[in-house]
Amino acid sequence: YVPRYSAVFVQILLLNTLVNSLHQQLDVVFMATGKIKIYNICECIFWLLPLLLSYVSLRLSLPYHYIFIILMVVEMIDVLVITMIAKRIADLNVKQYFKSVIVPCIVVAIVIIASWFMVESAVEKTFVLRILLACVVDVLLLAYMVYIGFSKTERMDLKNVLSNGKLSFLAKFIR
């Protein structure tokens, strides 16, 4: 028995994880500068906001998955606010940050989701085929991350690390 809303919960939580991963790099900016007062105040507000909004949504008898949507939207707003604060406090180049971090993450996410839906809808679904498709999509994810999400310098660094370790056979696939 699969509980009601489980699939929706998992899908929204995965998207929220993507948004949250963008937030973690900004945390390091504030920790490195030591200017964390305004950052911590904002974070406290954005930690409480989903709780309050979720309470209101439940009181209004909205569907349960709205709580996860609220969580994701508040996290997106948090990332934008923290980015603007980092620009002011740590002189973060927002344009460069979006170009080198946000855009590649979004492109990789869109390509992976589109790939998964194309493969899912194209074939009959048996257990063995699902496992095989999951493996194919994982390999595609890795390739997309390396070739779309990484800059040329990052790819060269990855190639150097792989060349010196036990996974040196993978280094020849990276250009």
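Scanning the stretch 50-95 for residues that are of a type in the set (S, T, N, Q), within 23 Å of the chain's Cα centre (by Cα) and surrounded by 14 or more Cβ atoms within 10 Å (Cβ to Cβ) returns S54, T83.
Any residue at all in the stretch 107-128 that is open to solvent by 70 Å² or more (accessible area, probe 1.4 Å), touching a Leu at 6+ places or on another chain (Cβ under 9 Å) and not small (G, A, S)? Checked against the condition, which is being open to solvent by 70 Å² or more (accessible area, probe 1.4 Å), touching a Leu at 6+ places or on another chain (Cβ under 9 Å) and not small (G, A, S), the stretch 107-128 yields at least one hit.
E154: among the charged types (D, E, K, R), more than 17 Å from the chain's Cα centre (by Cα) and modelled with pLDDT under 80, yes or no? Against the criterion (among the charged types (D, E, K, R), more than 17 Å from the chain's Cα centre (by Cα) and modelled with pLDDT under 80), E154 does not qualify. Can you tell me which residues in the stretch 5-33 are more than 21 Å from V74 (Cβ to Cβ) and at pLDDT below 80? The answer is A7, and nothing else. If the condition is being hydroxyl-bearing (S, T, Y) and not in a loop (DSSP other than H, G, I, E, B), then the stretch 34-77 contributes Y39, S54, Y55, S57, Y66. For the stretch 1-18, a tally of residues being over 16 Å from A109 (Cβ atoms) and open to solvent by less than 70 Å² (accessible area, probe 1.4 Å) returns 5. Could you list, in sequence order, all residues of the stretch 78-96 that are touching a residue at least 12 places away in the same chain (Cβ under 8 Å) and part of a helix (DSSP H, G or I)? Once the filter is applied, which keeps residues that are touching a residue at least 12 places away in the same chain (Cβ under 8 Å) and part of a helix (DSSP H, G or I), the stretch 78-96 yields D78, V79, V81, I82, T83, I85, A86, I89, A90. Going through (1) open to solvent by less than 70 Å² (accessible area, probe 1.4 Å); (2) not in a helix (DSSP H, G or I) one by one, S21 falls short only on (2). Being out of contact with any His (no Cβ under 7 Å at 6 or more places or on another chain), charged (D, E, K, R) and farther than 30 Å from M145 by Cβ is the requirement here; does K35 meet it? For K35, the condition - out of contact with any His (no Cβ under 7 Å at 6 or more places or on another chain), charged (D, E, K, R) and farther than 30 Å from M145 by Cβ - is met. Which residue is nearest to F150 (Cα to Cα), if the candidates are limited to the stretch 73-119 and must be of a type in the set (S, T, Y) and at pLDDT 80 or above? Filtering first and then ranking leaves S100.
The values are calculated or read from the model by the stated rules, or taken from the named source; none is laboratory data. Just so it is clear, the model here is predicted, and its values are computed rather than measured. Using ideal geometry, Cβ is built from the backbone for each residue, glycine included, and neighbour counts are taken over all protein chains shown. Calculation scope for accessible area: heavy atoms of the full protein, side chains included, ligands and nucleic acids excluded. Shrake-Rupley method; radii C 1.70, N 1.55, O 1.52, S 1.80 Å.
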